[in-house]
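The next block holds one structure in the form of structure tokens; read it before the comments.
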Amino acid sequence: MDFLAFLVTQCLNALSQAALLFFLGCGLTLIFGIMRIVNFAHGAFFMLGAYVGWSAVYVTGSFWGALVAAPILVGGFGAAFEMGILRRLYGRDGHSFLMVTFGLTLMMGEAIRLIWGVAALQVVMPQSLSGIVFILDEPFPIYRLFLAGAGIVVAVVIWQFLERTRLGLLIRATSQNAEMVHALGTDVRLVRSAVFGIGCGLAGIGGVFAAPMVTASLGMAPNAVIDTFVIVIIGGMGSFLGSMIGALLVAFVQVFGSYYFPDFALAFMYLIMLTILVVRPGGLLGKEA
Amino acid sequence: MLTIEGLNTHYGASHVLQGVDLVVPPGGICALLGRNGVGKSTTLRSVMGLVTPTSGKVLLNGVDIAGWQPHRIARAGVAYVPEGRLIFPDLSVIENIKVAERTPAKQWPLPRLLDLFPSLRERARNRGSNLSGGEQQMLAIARALASDPKVLLLDEPSQGLAPLVVRELARVIQILRDSGVTILLVEQNMKLAEAVASTLHIMVKGRMVYGASPDRFRAEEAEIRARYLTV
């Protein structure tokens with residue numbers, strides 16, 4: 001096999017993997033930046049996205065419909081959870097958030113089992129994305145190419161949203177000094193709800209994107225949440241750019257690691273995290289040590 | 001304009017404000033003096049809603065705003081320049097101002113703010129953390145004005161500033177007074193307070209103990225200083 005072709009396809013593979021990780025990590029880091037809480041339920045929202053996506057495909061008959069419906073429904077559920085439950089806990093220490101979001105993970109898992117059953121559900125990808133293309137004579141799944149592109153598009157959209165919109169400005173300001181934003185006339189409670197909803201919606205859309213490759217299953221949440229924590233810790237808690245770099249780094253290590261050293265692929269990810277934490281305890285772009 | 005009546009505020013078990021009374025007339029500048037820890041900043045934070053008073057009234061044009069959420073108090077027309085300025089460090093100068101400008105400002109639109117603070121115009125694209133202390137103070141005031149406030153709460157604006165910058169600050173406060181902004185000013189710098197204030201008030205242990213015009217204050221200054229202000 002041509003080495004160049006191998007390199008290009010593996011890089012594209014890693015990019016598509018990074019896109020999935022980014023959907024998760026970006027939401028988690030945004031939520032942490034605003035609220036200083038770790039949303040342990042983030043993987044469960046990812047899983048919920050996959051299941052809601054499956055139902056949306058079932059109802060609308062269209063994968064694209066699922067891509068629109070899932071983030072709205074999952075994000076709306078996240079925002080409602082913030083307003084109903086989390087909001088009462090601000091001012092307490094971090095443990096209560098960890099307990100509550102962990103409890104939510106268990107309840108969401110059980111609820112999904114009751115609603116959708118225990119069997120893994122196959123989400124059918126649209127016809128137009130299901131084939132393969134040849135890249136330098138090397139076959140490559142179109143869906144993975146699509147995923148890499150979607151990751152780039154979403155990253156640009158979020159970046160522009162944060163930089164150019166009023167809500168984006170308020171989100172950045174709130175992450176720097178919430179009390180001051182409140183004193184300047186913005187109800188920061190609404191900013192928190194919005195960010196929690198957006199973060200969960202991103203996890204939800206990630207779930208839809210992942211579903212055609214891995215099927216919607218109850219094992220999605222724990223796997224996802226661990227990878228997500230690793231990228232957010234690598235990139236620096238609360239840093240948007242950091243979550244992007246963390247996702248790329250972890251994806252490339254996973255893809256190339258599992259090719260060259262299949263037995264150690266998982267260890268590599270933690271080794272990188274360890275190294276970065278030793279050199280920069282706050283993560284690559286994090287502020288807090 | 002702003003009337004504080006019998007305001008009590010607690011931090012846990014400590015009774016910080018013990019029945020504060022103060023009247024800030026429209027267009028007036030009330031300077032609040034006193035030693036460290038007597039409750040000057042807590043008075044401003046209570047008015048702003050950043051701490052919830054346990055009892056008493058804060059009347060803004062006759063409406064009791066005590067106990068309201070800070071964003072509602074801000075929307076009612078109170079703006080706050082906190083001690084230590086608390087600029088958003090990673091936002092640009094313009095963005096810092098935009099956070100406060102919820103609707104296009106009528107009285108203090110961005111061009112007018114930049115005319116008032118020429119140094120901010122030069123640094124419009126700089127991040128807040130790259131500004132000098134004086135520039136940060138000007139930005140904190142500009143940010144507060146961007147909401148077209150009726151009342152401005154200024155907490156120790158001269159703190160840590162060089163004498164030349166304090167003079168610039170006095171100039172700005174005088175311009176604000178001439179534009180009709182009502183100001184409640186907490187200040188340790190007696191010279192600045194005397195220069196700009198229409199009335200001077202002194203707090204001791206959570207209570208108002210003295211209030212007078214600058215002229216009368218000057219006449220009694222030596223005695224007042226010894227009794228209430230020097231440590």
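Could you check, for region A:39-46, whether at least one of its residues is part of a helix (DSSP H, G or I) and among the polar types (S, T, N, Q)? There is no residue in region A:39-46 that is part of a helix (DSSP H, G or I) and among the polar types (S, T, N, Q). Looking only at region B:33-58, residues that are surrounded by fewer than 24 Cβ atoms within 10 Å (Cβ to Cβ), within 14 Å of chain A (Cβ to nearest Cβ) and touching a Gly at 6+ places or on another chain (Cβ under 9 Å) come to 1 in all.
When the criteria are applied in full, A:VAL195 fails the requirement of being away from chain B (no Cβ under 11 Å), of a type in the set (A, V, I, L, M) and surrounded by fewer than 21 Cβ atoms within 10 Å (Cβ to Cβ).
Restricting region A:159-192 to residues that are under 19 Å from A:GLY25 (Cα atoms) and in contact with an Asp or Glu (Cβ under 9 Å, 6 or more places away or on another chain) leaves a set whose member that is nearest to the other protein chains (Cβ to nearest Cβ) is A:ARG172.
Taken over region B:65-89, the criterion of being more than 8 Å from chain A (Cβ to nearest Cβ) and among the aromatic types (Phe, Trp, Tyr) is satisfied by B:TRP68 alone. Selection of first residues in region B:37-53 that are in contact (Cβ under 8 Å) with a residue 40 or more places away in the chain and of second residues that are basic (Lys, Arg), restricted to Cβ pairs under 9 Å at least 6 apart or on distinct chains, gives the following pairs, ordered by first then second residue: B:VAL38/B:LYS205; B:VAL38/B:ARG207; B:GLY39/B:LYS205; B:GLY39/B:ARG207; B:VAL51/B:ARG45. Only one of the numbered conditions (1) aliphatic (A, V, I, L, M); (2) surrounded by fewer than 16 Cβ atoms within 10 Å (Cβ to Cβ); (3) in a helix (DSSP H, G or I); (4) in contact (Cβ under 8 Å) with a residue 12 or more places away in the chain is violated by A:VAL133, and that is (3).
Here A:VAL154, A:VAL124 are screened, and the one residue that is part of a helix (DSSP H, G or I) and more than 11 Å from chain B (Cβ to nearest Cβ) is A:VAL154.
Rule-based calculations on the coordinates, nothing more; no lab input. Keep in mind that what you see is a predicted model, and the values were worked out from it rather than measured. Positions of Cβ are generated from backbone atoms using ideal geometry, with glycine treated the same way; all protein chains shown enter the neighbour counts.
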